[in-house]
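*Asks:* Take a look at the following structure, please.
The values are calculated or read from the model by the stated rules, or taken from the named source; none is laboratory data. Just so you know, these numbers come straight off a predicted model, no measurement behind them. Cβ coordinates were reconstructed from backbone atoms using ideal geometry, including for glycine residues, and neighbour counts include every protein chain displayed. Heads up: the accessible areas ignore ligands, DNA and RNA and are worked out on the full protein's heavy atoms, side chains in. Shrake-Rupley method; radii C 1.70, N 1.55, O 1.52, S 1.80 Å.
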Amino acid sequence: MVLSCPTCSNGEKVGYVGNNSGTLQFNGVSATATDRYSMTICYTNGDAVRYALLSVNGNPGIPLSFPSTGSFQTVGSIQTTITLNAGNNTLEFNNPIVGSWAPDFDRIQFNCSTCAAATLGNISTRSFVQTGDNAMIGGFIVRGGGTKRVILRAIGPELTQYGVPDPLQNPILELHNANGALIASNDNWRTTIIGGIITSNQVQEIQNTGHAPGNPSESAIVANLSPGNYTAIVRGVNNTTGAALVEVYDLNLFSGSFLGNISTRCFVQTGDNVMIGGFIVEGTQATSVIIRAIGPELSQYGVPNPLADPTLELHNGSGALIASNNNWQHTIIGGIITEGQVQDIQNSGHAPADASESAIIATLPPGNYTAIVRGVNNTTGVALVEVYDLH
């Protein structure tokens, strides 16, 4: 039974497991290879101790004990090691003893030492899409073990309902792997383009995710991705231009993999056409990230017309400005930034290469956040906005 739990993932947990008949089953737990994996089980338990059997792919159950977490609204965790088969696996929790309940379950995670670690649940960036080198290029990394199921979207026409001027009328979406190879593409989400990793019609799958675009000329791809680097490119049909949104939604927060960092490169203009990057921190506790606005160093990668002096703002889910920076070697105190960050930025291993680029380190509770990149004195040029998960 699904129960309310404000401290649990998405505010819910599963209770009433055990007492002979109550079971909790996880389907489609994927693994890249048959091997032993470390699994963290996040749960709540207001009693002294509770017990459960964990069955993997129908095998006899492994007995597990779950110490008290102090209350049924306090999340704790235990770890165990299980053998998963290559491909999809089924995990089931139960307690066959009449009158004996298992704990209430929040979630399971792989390759994670505690339940405290939050993750980046989805990403999005809005900017003005031009042509050639000034298309919108979104990058993300899948880290951990097992595949990550995501939906990628390229949104244009429906931005008008949010007051965004000059939306891209017909966006095209491409997905490339770390080698630059095109592995999936779409133009108009109601018409699947078969090829690469897309082997069957995706229209129903896209609808089932709850993230189907609002306009038929917008694009979407559902993909199961192995750990690695990926790039989503958004262009306009027939080299048209306009404001667009590129998004990646994590469709399986319980898998052993996670979104480790995100980035988007595009041509930053002024006014409504600055670069606006959004991300969500998922989980129950805060996570540390570094956010960067990169411009001048793009020239070494052959990117023309880089933004010479990018500024960076961080806003919370209410739109309030909670941190800002212009030139990472000079911390701007204010909002959530209470002391100098230069040494922390250097220690992160992600210090920008140019002194005029910007960076912010922040420990963020679960919620929605927006990073805005502009040019000093309304200058324009190509820039990169990035969010790295530091946990």
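*Asks:* Looking at the chain as a GNM with Cα springs under 10 Å, which of Gln300, Gln341, Gln25 has the largest mean-square fluctuation?
*Replies:* Residue with maximal mean-square fluctuation among Gln300, Gln341, Gln25: Gln300.
*Asks:* Heavy atoms of the protein only, probe of 1.4 Å, neighbouring chains included. What is the accessible area of Arg107 in Å², nearest 10?
*Replies:* 20
*Asks:* By how many nm would the segment from Asn229 to Thr363 grow when fully extended, if each residue of separation counts as 0.36 nm and the alpha-carbon distance is taken off? Can you show the working numbers first?
*Replies:* On the way: separation 134, 0.36 × 134 = 48.24 nm, distance 2.45 nm.
Stretched fully, the Asn229-Thr363 segment lengthens by 45.8 nm.
*Asks:* Does a label point 7 Å from the Cα of Gln346, set along Cα-to-beta-carbon, have any residues of region 319-338 with amide nitrogen under 16 Å, and which are they?
*Replies:* Those under the cut-off are 328-331.
*Asks:* Based on the Cβ-Cβ distance from Ile78 to Leu3, what FRET efficiency comes out when R0 is 25 Å, to the nearest 0.05? Present the calculation step by step, with values, prior to reporting the outcome.
*Replies:* On the way: r = 20 Å, r/R0 = 0.79.
E between Ile78 and Leu3, to the nearest 0.05, is 0.80.
*Asks:* Using only the alpha-carbon atoms of region 1-40, report the extent along each of the three principal axes, biggest first, to the nearest angstrom.
*Replies:* That gives 35, 27, 16 Å along the principal axes, largest extent first.
*Asks:* Right, something else. If I build a Gaussian network model for the chain, linking alpha-carbon pairs within less than 10 angstrom, which residue out of Ala212, Ala293, Ala359 has the largest mean-square fluctuation?
*Replies:* Ala212
*Asks:* Also, I was wondering about something else. Can you give the Rg to Rh ratio of the chain, both from alpha-carbon atoms, with Rh computed by the Kirkwood formula?
*Replies:* Working: Rg = 22.4 Å, Rh = 22.3 Å.
Using only Cα positions, Rg/Rh for the chain is 1.01.
*Asks:* Could I ask something else about it? What FRET efficiency would be calculated for the residue pair Ala178, Gln204, taking the C-beta separation as r and a Förster radius of 25 Å, to the nearest 0.05? Working shown, then result.
*Replies:* Details: r = 29 Å, r/R0 = 1.18.
Efficiency, from the Cβ-Cβ distance: 0.25.
*Asks:* If I take the Cα coordinates of region 295-383 and project them onto the principal axes, what are the three extents in Å, biggest first?
*Replies:* Ordered largest first, region 295-383 gives principal extents of 37, 28, 23 Å.
*Asks:* 222 nm [θ] for the chain, helices only, -39500 (n - 2.57) per DSSP H run of 4+, per residue, to 500? Before the final figure, lay out the partial values.
*Replies:* Values: 2 runs with 12 residues, N = 391.
Rounded to the nearest 500, it is -500 deg cm²/dmol.
*Asks:* Tell me the carbon and sulfur percent of the accessible area for region 19-118, rounded to whole percent, probe radius 1.4 Å.
*Replies:* Values: 2170 of 4420 Å².
C and S fraction of accessible area: 49 percent.
*Asks:* Turning to a different aspect of this structure: What does the extension gain come out to for Ser68 and Phe26, with contour length at 0.36 nm per residue minus their alpha carbon separation? Mind showing how you got there, number by number?
*Replies:* On the way: separation 42, 0.36 × 42 = 15.12 nm, distance 2.33 nm.
Value of the extension gain: 12.8 nm.
*Asks:* Still on this structure: So which GluC sites (Glu not before Pro) in region 298-391 end up in coil per DSSP with only 12 or fewer other C-beta atoms within 10 Å?
*Replies:* Values: sites: Glu313, Glu339, Glu357, Glu386; in loops: Glu339, Glu357.
Sites meeting the loop and neighbour criteria: Glu339.
*Asks:* Out of Ser299, Ser127, Ser356, any idea which swings most in a Gaussian network model of the chain, alpha carbons joined below 10 Å?
*Replies:* Ranking Ser299, Ser127, Ser356 by mean-square fluctuation puts Ser299 first.
*Asks:* Once you order the gyration tensor axes a ≥ b ≥ c over the Cα atoms, which shape class does region 209-362 get: rounded for a/c under 1.5, otherwise prolate or oblate by comparing a/b with b/c?
*Replies:* Numbers: a/c = 1.70, a/b = 1.26, b/c = 1.34.
Oblate.
*Asks:* Let me ask you something else. Please give the length that would be gained between Thr191 and Asp166 if that part of the chain were fully extended, namely 0.36 nm times their separation in residues minus their C-alpha to C-alpha distance (nm, one decimal).
*Replies:* Numbers: separation 25, 0.36 × 25 = 9.00 nm, distance 2.47 nm.
Answer, rounded to one decimal: 6.5 nm.
*Asks:* Moving on. What nm value, rounded to one decimal, do you get for the distance between Ile336 and Ser38 when each label is placed 7 Å out toward the C-beta?
*Replies:* Between Ile336 and Ser38, the label points sit 2.7 nm apart.
*Asks:* Related question: Can you compute the modelled spin-label distance between Ser299 and Ala86, with each label point 7 Å from Cα toward Cβ, in nm?
*Replies:* 4.9
*Asks:* Rounded to a whole number, what % of the accessible area of region 221-272 do carbon and sulfur atoms account for, probe 1.4 Å?
*Replies:* Details: 700 of 1740 Å².
Answer for region 221-272 is 41 percent, counting heavy atoms of protein chains only.
*Asks:* Still on this structure, I have one more. Based on the mean of other Cβ atoms within 10 Å per residue, sort peptides 168-179, 56-67 so the most packed one is first. Before the final figure, lay out each step's value.
*Replies:* Numbers: 168-179: 20.3, 56-67: 13.4.
Sorting 168-179, 56-67 by mean packing, highest first, produces 168-179, 56-67.
*Asks:* Please give the Cα centre distance for region 161-188 versus region 1-59, rounded to the nearest Å.
*Replies:* Answer, in whole Å: 37.
*Asks:* Taking the C-alpha atoms of region 184-242, how large are the radius of gyration and the largest Cα-Cα span, Dmax, in Å?
*Replies:* Reported Rg and Dmax, both Å: 12.1, 33.
*Asks:* What percent do you get for the relative contact order of the chain when only Cα pairs under 8 Å and 6+ apart count?
*Replies:* On the way: 1155 pairs, mean separation 69.9, N = 391.
For the chain, the relative contact order is 18 percent.
*Asks:* Rounded to the nearest whole Å², what accessible area per residue is found for region 262-324 with the 1.4 Å probe?
*Replies:* Details: 2240 Å² over 63 residues.
In whole numbers, region 262-324 has 36 Å² accessible per residue.
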